[in-house]
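See below for the structure under consideration.
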Amino acid sequence: MYQLAKPTTWIATLVLVFTAALNSGAVSSFGADQPIEQQPKIVLWPEGAPEAKGTSPADVPYLSVYPADPARSTKAAIVVCPGGGYGGLAKSHEGHEIGQWLNSLGISAYVLTYRHAPAYKDPVPRLDVQRAIRLVRAQADEAKLDANKIGVLGFSAGGHLASTAATQFDAGTPEAKDPIDRLSSRPDFAILCYPVITMEQGVTHGGSRKNLLGDAPDEEDVKRMSSELRVTPQTPPTFLWHTEEDTAVLPENSQRFYAAMLKHGVPGELHVFQKGRHGIGLGKNQGTASAWPTLCAEWLKTQGVVAK
């Protein structure tokens, strides 16, 4: 893992990491061939993460880098949040395979290893995803990315984290000592895949709620972390998809978020497919749900993220 010690120089080091991935032969025109564990890594806070309880790997959030082929790059980047009920991370089919797919569209991917239960609860995962978005934005010029084309994508509980990033962002702190903290954490667009949205009992995913908020959260915390209640006209354009057969995370989660988008005039799309269990990733061999990557790519064209 990369340890970047000096705040005045570590942004430049990030660029070296990014460039090394291209020059190493690990990245082809259709994405990274190596497993996620062997991808170049960027530590979010090289001098120690806020609220860290130690220095073990579980205490160090980082990004696995999947740079797009420069010959095909759209200059867009997406922070990817794998699911796992806020108690683990499904890094293979909701991380590595997604990085490869995004690379095939000319989009650079940054798969986020965020902190989670049992050691970490709210607000730590939110701090990690916000930092990830700021960090990618900070290196945009040097990495030949467009700082106005930085999105977030998440699955299941990672979808809740992505929806949190899309509804609980800030413009940065101008006086911050760390230049990364001076930048906005608002994603320019969001992609939510069978996401946990609400924390309301009976609709939410119970394990995600418990791991994020504890056994008996108060009503204010439940409302604060129910993303459908946090949508405003400033929420970025959002693409959602779900399946009717998902009994782990009910499709009502996506429906609630999309209804809030309509109420506040936030552009986007919702697709609910008839067949498909929870956790199908790219939806390979899953009937009509396998169309979601194509539908999403077409939507990204309408947002100017991918060339038409």
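The values are calculated or read from the model by the stated rules, or taken from the named source; none is laboratory data. Everything numeric in this text was worked out from a predicted model, so none of it was measured. Neighbour counts run over all protein chains shown; Cβ positions are idealised from the backbone, glycine included.
Using the structure shown, decide if Ala132 is among the hydrophobic types (A, V, I, L, M, F, W, C) and over 24 Å from Glu97 (Cβ atoms). Let's see the steps before the verdict.
Values: among the hydrophobic types (A, V, I, L, M, F, W, C): yes; over 24 Å from Glu97 (Cβ atoms): no.
No.
Glu142 satisfies every condition listed in (1) touching a helix residue (DSSP H, G or I) at 6+ places or on another chain (Cβ under 8 Å); (2) surrounded by fewer than 19 Cβ atoms within 10 Å (Cβ to Cβ); (3) modelled with pLDDT of 95 or more except (3).
Count of the stretch 160-208 residues, restricted to those that are buried (at least 16 other Cβ atoms within 10 Å of the Cβ) and among the charged types (D, E, K, R), is 4. Applying the criterion of being surrounded by 18 or more Cβ atoms within 10 Å (Cβ to Cβ) and in contact (Cβ under 8 Å) with a residue 60 or more places away in the chain to the residues of the stretch 211-227, the residue that is farthest from Trp101 (Cα to Cα) is Leu213.
Conditions (1) closer than 14 Å to Leu161 by Cβ; (2) touching a helix residue (DSSP H, G or I) at 6+ places or on another chain (Cβ under 7 Å), marked per residue:
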{"position": "Ser56", "(1), (2)": "no, no"}
{"position": "Pro67", "(1), (2)": "no, yes"}
{"position": "His93", "(1), (2)": "no, no"}
{"position": "Ile107", "(1), (2)": "no, no"}
{"position": "Val111", "(1), (2)": "yes, yes"}
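Counting the residues of the stretch 165-184 that are under 15 Å from Leu44 (Cα atoms), in a loop (DSSP other than H, G, I, E, B) and touching a Lys or Arg at 6+ places or on another chain (Cβ under 7 Å) gives 1.
Checked against the criterion of being closer than 19 Å to Gly84 by Cα and either basic (Lys, Arg) or within 18 Å of the chain's Cα centre (by Cα) (or both), the candidates Leu183, Leu212 yield just one match: Leu212.
Please specify each residue of the stretch 230-239 satisfying the condition of being surrounded by 17 or more Cβ atoms within 10 Å (Cβ to Cβ) and out of contact with any Phe, Trp or Tyr (no Cβ under 6 Å at 6 or more places or on another chain). Steps first, please.
First, pick out the residues of the stretch 230-239 that are surrounded by 17 or more Cβ atoms within 10 Å (Cβ to Cβ): 230-231, 235-239.
Arg230, Val231, Thr235, Thr238, listed by residue number.
Each residue in the stretch 147-185 was checked for being more than 30 Å from Gly276 (Cα to Cα) and of a type in the set (Ser, Thr, Tyr), and 3 pass. Looking across the stretch 55-101, not a single residue is on the phi > 0 side of the Ramachandran plot and at pLDDT below 95. Of all residues in the stretch 228-266, those satisfying the criterion of being within 24 Å of Asp170 (Cα to Cα), touching a residue at least 24 places away in the same chain (Cβ under 8 Å) and among the hydroxyl-bearing types (Ser, Thr, Tyr) are Thr232, Thr235, Thr238, Ser254.
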